[in-house]
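The block underneath contains the structure these notes are about, expressed in structure tokens.
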Amino acid sequence: MIKRVIILVALLATVALPFILRPARVAVEQADEVLVIITPHNEAIRHEFGAGFRRWYEAQTGRRIAIDWRVIGGTSEIARFIEGEYVASFQNHWTRQLGRSWSNEVQTSFANPRLGEAASATAREARAAFLASEVGCGIDLFFGGGTYDFVRQADAGRIVDSGVIARHPEWFNDAVIPREYAGEEYWDPHGRWIGTVLSSYGMIYNRDSLERLGIDGPPDEWSDMQDPRLIGEVALADPTKSGSIAKAFETMIQQKMQRRLTVLLAAGADVTAPETEHRAVREGWLDGLRHIQLTGANARYFTDTSQKPPIDVAAGNCAIGLCIDFYGRQQEEAVRRRSGGEHIGYASPRGGTVSSVDPIAIMRGAPNREAAIAFIEYVLSMEGQKLWNFRPGTPEGPERFALRRLPLRRDFYTDEFLAHRSDPEAHPYEEQEQLIYRAAWTGGVFREMSFVIRVMCLDTHRELTRAWRAIIEAPEPAKSRALAVLQDLAAVDYDQTMGDIRRALTSRNKVAEVRFASELGDIFRRQYAEAERIAREGD
């Protein structure tokens, strides 16, 4: 009976939570203005920044503003929605205002930043007409997500310069908002997107579960997720569905490349020789994929959303999970608030993550451009930045929710604010062992990397897990021979990824891409089956 009551209460809480968290809004009919923002940010962030901006805007202008939040999913869903809306809007502009005929050529050209000399006159005219227009999608701002998506939108021409960098040159310097840090870009030099808050990646873990498995102490390296005792206990997300998790996997590979370069230099390799970096990148690529492969072999599942692993780790369904830093910290805080317990923790791997940004940008043809600019200014002001990491109830802090995120502004990290911060020990600009992100190494194969991981770990997960279990149980020397077969990644080495895999993914023939994925998956299945056979039979 008690169990049924608990389940009923949990269900009621689940149904009621969106209404409880819904911020007090100024009704559209009561507002002087409306600002439309599309975002992947959660309800807590929308509540705090919505409430804070409304107060700030009214104090600045004397006008009441309503925020119309558009929440349709993650950044991939947002990108598809925006692209579709701009196609429809530009078609209307092209045919009705310019009096031109619509065609597939126009549709594929107007937002294409890579039109070359060979492009037709019609294609170039369509592109020029779009960039000269105020064609819009009915949305003012795109707020949140990774830089990858914002760079794509900027290159396409769907987001434009807000003018905030020109208005506030005192903000955009190394002392406040650096142009880049540790290889990561923090704002677009053309002003089309600007970072608002920092994100890094790490591991959320359940101390009780680790103890149950005989693992002493919390994880502090990515390699800790390869521990054979964690088989079936690691929570992961599909990198082809989650840009943030793809970024986390990329940092694992970047760390392996960086460490490989360090080893080569220590052995006397010429730091100026191109072949030294060439070798480090290719060997580090394979080292990183092998690490991800064994982490995937330990996975309980690969989910479509990066929000699930922290929840399952907190519930004890998994011992450890890969997540964005703020998901880990928020879950840690939620458990502490509910039960007062300390069984959930979050750790960033030593020297294994970078601090990238979640940007904000104004959309081409924004209906309320001035209010959109004001929102960007508010988010970047110290008043807005305090919402990210001040505790609720502190002066100038959030109303209700500890967002547990790390502000972008470097001048936030002073002794003045320590007493009010949720994470006073965190200082992203003073990491002792800092991973330096090099876009030239993996930035050009970001999508291909996610595809390789999907085929290597997700599409073939059953075979991979069977082989890994057999290897764990096998004696030497069968264990080592089987592991070598399992981790033969010649089919997805760096050059193959830059060549055949990239061509398959950039082909307009989607059937060919599916066929290629199937053929590559079959290579791994045969390989995993052979590794399992060697582990079990010992020959």
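Once the C-beta distance of ARG336 and GLU383 is scaled by a Förster radius of 30 Å, the resulting FRET efficiency is 0.65 to the nearest 0.05. With the highest mean first, a sort of the peptides 449-460, 228-239 on other beta-carbon atoms found within 10 angstrom per residue produces 449-460, 228-239. Per-residue ellipticity at 222 nm from helix content only, as computed over the chain with -39500 (n - 2.57) for each DSSP H run of at least four residues, stands at -14500 deg cm²/dmol. Name the shape class, rounded, prolate or oblate, that the alpha-carbon gyration tensor gives for region 212-366, where a ≥ b ≥ c are the square roots of its eigenvalues, rounded holds for a/c under 1.5, and otherwise prolate holds if a/b is larger than b/c and oblate otherwise. Oblate, because a/c is 1.5 or more while a/b does not exceed b/c.
Applying 1/(1 + (r/R0)^6) with R0 = 22 Å to the Cβ-Cβ distance of LEU265 and ILE436, what FRET efficiency is obtained, to the nearest 0.05? Plugging the Cβ-Cβ distance into 1/(1 + (r/R0)^6) gives 0.95. Sorting the segments 145-158, 276-289, 58-71, 174-187 by their mean number of nearby beta carbons within 10 angstrom, highest to lowest, gives 145-158, 276-289, 174-187, 58-71. Projected label points at GLU473 and GLU275, each 7 Å from Cα along the beta carbon direction, are separated by 4.7 nanometres.
The three principal axes of the C-alpha atoms in region 354-479 carry coordinate ranges of 63, 43, 31 Å, sorted with the longest axis first. Solvent-accessible surface of protein heavy atoms, probed at 1.4 angstrom with all chains present, puts LYS479, LYS386, LYS241 in the order LYS241, LYS479, LYS386, largest first.
As a ratio to 2.2 N^0.38 Å, the alpha-carbon radius of gyration computed for region 141-255 takes the value 1.42.
Per residue, the Cα convex hull of region 292-384 amounts to 186 Å³. Listed by chain and number, the lysines whose alpha-carbon sits under 20 Å from that of LYS510, ignoring those within fewer than 8 places in the same chain, are LYS241. Restricting the calculation to Cα atoms, the chain yields a radius of gyration followed by a Dmax of 24.8, 80 Å. Would you list the membrane-span-like helices of the chain, meaning whole DSSP H runs whose alpha-carbon atoms span at least 30 Å along their axis and whose mean Kyte-Doolittle value is at least 0.0? In the chain, the long hydrophobic H runs are 243-266.
Shown in residue order for region 344-361 are the 3J(HN,Hα) couplings computed by the Karplus curve 6.51 cos²θ - 1.76 cosθ + 1.60 at θ = phi - 60°: 10, x, 10, 9, 8, x, 4, x, x, 8, 10, 9, 9, 10, 9, x, 9, 8 Hz (x for Gly and Pro). The relative contact order of region 347-474, computed from alpha carbon pairs under 8 Å that lie at least 6 residues apart in sequence, is 21 percent. Straight-line cross-link partners of LYS247 among the lysines, defined as a Cα under 22 Å from its Cα and at least 8 positions apart when in the same chain: LYS256, LYS308. Within region 178-208, list the residues whose amide N lies under 17 Å from a label point set 7 Å along Cα→Cβ of ARG152. It comes to 193, nothing else. Relative protection proxy for 517-529, 306-318, from highest mean packing down: 306-318, 517-529 (other beta-carbon atoms within 10 angstrom).
The values are calculated or read from the model by the stated rules, or taken from the named source; none is laboratory data. Owing to the predicted nature of the structure, the values given are computational and were not obtained by experimental measurement. Positions of Cβ are backbone-derived with ideal geometry, glycine not excepted, and every protein chain shown enters the neighbour counts. Areas reflect the complete protein model, heavy atoms only, side chains present, ligands, DNA and RNA absent. Shrake-Rupley method; radii C 1.70, N 1.55, O 1.52, S 1.80 Å.
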